[in-house]
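S.K.: There's a structure below that I have some questions on.
The values are calculated or read from the model by the stated rules, or taken from the named source; none is laboratory data. Fair warning: this is a prediction, and the values are worked out from it, not measured in the lab. Here the Cβ positions follow ideal geometry from the backbone for every residue, glycine too, while neighbour counts run over all protein chains shown. Surface areas here come from the heavy atoms of the whole protein model, side chains and all, with no ligands, DNA or RNA. Shrake-Rupley method; radii C 1.70, N 1.55, O 1.52, S 1.80 Å.
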Amino acid sequence: MLIVHNTLHRQHAGRHEMFRGRLVPCHESPDRLDHLLAELHKRPVGTITEPGPLDEALLARIHSPRYLQFLAGAWDEWVALDPANAELDALPSVWPVRGFRADVLPANFAARMGLFSFDAGTPLTAGSWTAARQGAACAVAAAQAVASGSTRSAFALTRPPGHHAGTDFFGGYCFLNNAALAAQTLRDGGFERVAVLDVDYHHGNGTQSIFYARGDVLTVSLHGDPSTEYPFYLGYADERGEGEGAGCNLNLPLPRGTGFADWRAALGRGLDEVKRFGAQALVVPLGVDTFEGDPISAFTLRSADYFDIGRDLASAGLPTVFTFEGGYAVAEVGINAVNVLEGFGS
Ligand code: Q9C
Ligand code: ZN
């Protein structure tokens, strides 16, 4: 397995996220990846490398030009409002809900923060753009290596995560959709049909929305029931895709408290769908926030279960790209994620 490491990830280090009326320390922290890297040094499941420069044209096929332009300049705009802002994170606080104009680009910075986001839990910091771009480069490089045939599987060892980010919005700790970029890269690399099988605790709303009307990319997500779990407003079982993409989205929502037996049965349903679709390559947004000790999630998977997840994913027999997504029980993140990779094999 090829492992593509985002060595610039620490440049994205949010201080606070909004939770129940308070700013609380960010769950999505740089030490998550440090633990994962340390575990990969203990148990070398693959070769660690760094990506080349990011393919800007590819980035612009997944994300809208005005969103990318906003992200590129957002930090400078934030500090220009007040030099003291350099010591603070930028968080949105106003959003255009139903009936508001989303077509007009406001001059006001706070208004644009809200236009391009969907929560107040995703701080934009001085290095967020640099870190997210390098992460995207890792996902693309991982997929290119798989598409070229130089490796059968690859892991984008990166943060911030990506699966909540849509064409033109950030949220859920995500800015650029690494899994979508990987899927598009596999398509461009000659795989006619690509499947995304998202095993993070949270619904992969960004990836679903990006591919919702496309028939060439299947999106499947196993996750906490959105009726009670973030991201709340998408991820129900009746969302099956539209237009050319009709029948090419499958959501498998599961109740809080779900244990490994039921979770694994849902994974089996997801894998059946990948097979039925006739996928030639697979992208796995890998979150380990399904772990029993996760501080913001409510499934009860144990560390040993992650080996089985890896084995089950390998049974699809497809060239596979993993992107690293959630998992906030920091001390166990490395063990659980590497268990998946070890169970998967090469
Ligand atoms: N204070 C990923 O796992 N809200 N994102 C949590 C807890 C956001 C999770 C609320 C959760 C986002 C990639
Ligand atoms: Zn998650």
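S.K.: Can you tell me which residues in region 314-346 are assigned to a loop (DSSP other than H, G, I, E, B) and more than 15 Å from ligand 1 (Cβ to nearest atom)?
M.R.: Of everything in region 314-346, those that are assigned to a loop (DSSP other than H, G, I, E, B) and more than 15 Å from ligand 1 (Cβ to nearest atom) turn out to be 315, 316, 317, 318, 319, 345, 346.
S.K.: Among the listed residues 315, 346, identify the single one that is at pLDDT below 95 and open to solvent by 40 Å² or more (accessible area, probe 1.4 Å).
M.R.: Going through 315, 346 in turn, just one is at pLDDT below 95 and open to solvent by 40 Å² or more (accessible area, probe 1.4 Å): 346.
S.K.: Pull up region 271-313, narrow it to residues that are part of a helix (DSSP H, G or I) and hydrophobic (A, V, I, L, M, F, W, C), then point me to the one that is nearest to ligand 2 (Cβ to nearest atom).
M.R.: For region 271-313, the residue satisfying everything is 309.
S.K.: Let me ask you something else. Could you pull out the residue among 207, 185, 219, 158 that is without any contact (Cβ under 8 Å) to a residue 40 or more places away in the chain, crowded, with 24+ Cβ neighbours inside 10 Å, among the hydroxyl-bearing types (Ser, Thr, Tyr) and at negative phi?
M.R.: 219
S.K.: Same structure, new question: Please state which of the following conditions residue 244 fails to meet, knowing it meets all the rest: (1) out of contact with any strand residue (DSSP E or B) (no Cβ under 9 Å at 6 or more places or on another chain); (2) open to solvent by 50 Å² or more (accessible area, probe 1.4 Å); (3) part of a loop (DSSP other than H, G, I, E, B); (4) free of Cβ contacts under 8 Å to residues at least 40 places away in the same chain.
M.R.: Condition not satisfied by residue 244: (3).
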